[in-house]
Amino acid sequence: MKTLSLLLSIYVAVSSAFPVAPEAEDDGKTIQLVESYLENFYNLQRNHRPHLRSRDENPVVAKLKEMQEFFGLQVTGKPDPDTLKMMKKPRCGVPDIGQYMFTPGNPKWKRNNLTYRILNYTPKMRQADVDEAVRKALSVWSNVTPLTFQKVEDKEADIMISFAYRDHRDNSPFDGPNGQLAHAFQPGDNIGGDVHLDEEEAWTKDGRGYNLFIVLAHELGHSLGLSHSDDPGALMFPNYSYTDPNEFLLPQDDINGIQAIYGRSNAAVQPTGPTTPQACDPNLTFDAITTLRGEIFFFKGRYMLRKHPARAETELNFISLFWPKLPSGIQAAYENVERDEILLFKEDKYWVVRGYDIVPGYPKPIYRLGFPKTVKRVNAAYSDESTGKTYFFVADRYWRYDEKKKSMDRGYPRKIIADFGRIGRVDAAFQKDGYVYFFHERTQYQFDPRAKRIVGKMNSISWFNC
């Protein structure tokens with residue numbers, strides 16, 4: 001394929017009189033995608049025309065750099081694969097801002113008691129489920145501020161919520177399935193505060209299609225005066241990502257933003273929320289760690305830090321992006337290399353995953369592996385592919401499981417300190433290149449199973465090239 005950065009700077013000079021080759025058609029679609037995205041979300045002016053001899057930076061390149069900086073991508077000014085991948089993700093239709101800030105002009109509602117009305121319902125969901133999604137989405141913001149919301153049925157409300165098709169006469173037409181899912185307007189009169197949802201999306205109350213609660217909670221942030229956040233874990237991040245509504249907690253970044261506008265909650269104890277893990281945070285701890293096909297996956301809350309041995313950077317993803325039906329807060333994980341599977345544990349259940357698929361029939365209770373029913377959770381696990389033995393760590397003891405016999409070995413549990421030394425309670429563990437790495441809070445211990453002793457002690461984040 002031709003270099004797209006070159007095409008972006010010279011496409012206006014290319015004659016349309018010649019037949020179009022397939023690769024030129026592909027490049028043309030890419031140019032169209034890039035320009036449309038930048039026009040919609042980064043204020044690229046439609047009348048831009050790059051001048052081949054101008055010393056000024058091509059406006060497309062300048063806006064691409066702005067977009068790449070916002071999403072934490074490598075700032076190249078070129079539509080590289082990572083940039084194009086980001087542009088194709090389903091998202092909110094409200095334009096982006098370079099930094100986390102309020103909508104320009106810092107608009108806010110002048111009172112704390114607001115009304116809302118649901119103008120119509122999508123036929124894709126039960127009316128009661130839509131009502132519940134709206135109520136729950138509003139409570140996300142009322143729980144952390146002095147704001148209250150009252151539903152009205154037959155009069156103008158501060159926030160009018162509706163489902164609409166394509167051009168719905170607000171100068172922001174929808175684009176059909178996927179792409180722009182919804183948009184909302186900043187606080188104010190008339191259309192101010194209103195939320196519009198694309199009727200052509202597959203709205204659901206769970207992890208299939210697009211979860212209405214998650215999208216509504218985001219859009220209502222705009223209705224109250226928030227712009228987009230560049231924190232990938234924030235609710236106000238522009239791209240859609242699924243979280244089980246029953247497990248949803250408003251991230252601290254969003255709490256800080258909305259409280260800066262309306263003040264703190266009236267509750268005696270102020271609510272707090274999760275923060276997005278940063279790979280080089282010296283205080284970072286992990287819930288679970290496992291290898292998978294040569295990579296290392298570090299689990300933290302609803303996130304997963306993915307480390308590939310051939311790449312310097314660490315990739316941050318939501319667990320739900322890979323496995324939508326898995327819960328957040330995975331507590332232990334290990335890879336079975338021979339079966340090309342990973343097993344993931346939370347509380348008294350475990351899941352078996354092959355690639356992007358959860359094996360049918362899971363989750364199953366952990367006692368099926370041979371644990372007594374008094375064991376309610378596993379803290380950490382790793383599997384030794386050379387022996388076929390898997391080690392499970394629970395409080396100050398560990399069990400050994402035979403993968404071939406599919407049963408616990410006799411003589412277990414044993415004390416961790418007796419066989420692995422003074423490593424404390426094990427929060428996470430994995431095996432790599434013949435060594436076992438045990439994580440306790442912010443420290444990791446390198447254990448040599450041949451010498452049966454600890455041979456190294458490091459900071460937990462040493463894998464991230466910090």
Span-rule helices in the chain, defined as complete DSSP H runs reaching 20 Å or more along the axis (Cα) with Kyte mean at least -1.0: 22-42, 127-142
Percent carbon-and-sulfur accessible area, the chain, ignoring ligands, DNA and RNA, probe 1.4 Å: 48
Cut-off 17 Å, label 7 Å out along Cα→Cβ of THR115, residues of segment 161-205 by amide N: 161-162, 188-195
Members of LYS78/LYS307; LYS364/LYS389; LYS155/LYS205; LYS364/LYS405; LYS376/LYS406 lying beyond 22 Å, as alpha-carbon distances in this model show: LYS78/LYS307; LYS155/LYS205
Formal net charge of residues neighbouring TYR350 (Cβ-Cβ distance under 9 Å; K, R +1; D, E -1): +3
Dipole of the chain, positive end: most advanced residue of THR387, ASN120, LEU292 [Cβ charges, Cα centre]: THR387
Size descriptor, Kirkwood hydrodynamic radius, that averages inverse alpha-carbon separations across segment 396-466, Å: 13.2
Accessible area of segment 196-351 divided out per residue, in Å², using a probe of 1.4 angstrom: 37
Residue-averaged 222 nm ellipticity for the chain, from DSSP H runs of 4+ at -39500 (n - 2.57), nearest 500: -6000 deg cm²/dmol
Linear extension gain, THR387 paired with ARG169, 0.36 nm per residue minus alpha-carbon span: 71.8 nm
q = 0.11, 0.14, 0.21 Å⁻¹: log10 I(q)/I(0) that the Debye formula gives for segment 312-426, counting C-alpha atoms only: -0.38, -0.61, -1.27
Rg followed by Dmax, in Å, when the chain is reduced to its Cα trace: 25.7, 81
Label-point separation in nm, MET458 to LEU321, each point 7 Å along Cα→Cβ: 2.4
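The values are calculated or read from the model by the stated rules, or taken from the named source; none is laboratory data. Keep in mind that this is a model prediction, so the values were computed, not measured. Every residue, glycine as well, gets a Cβ built from its backbone with ideal geometry; the counts of neighbours run over all protein chains shown. SASA here: full protein model, heavy atoms, side chains in, ligands and nucleic acids out. Shrake-Rupley method; radii C 1.70, N 1.55, O 1.52, S 1.80 Å.
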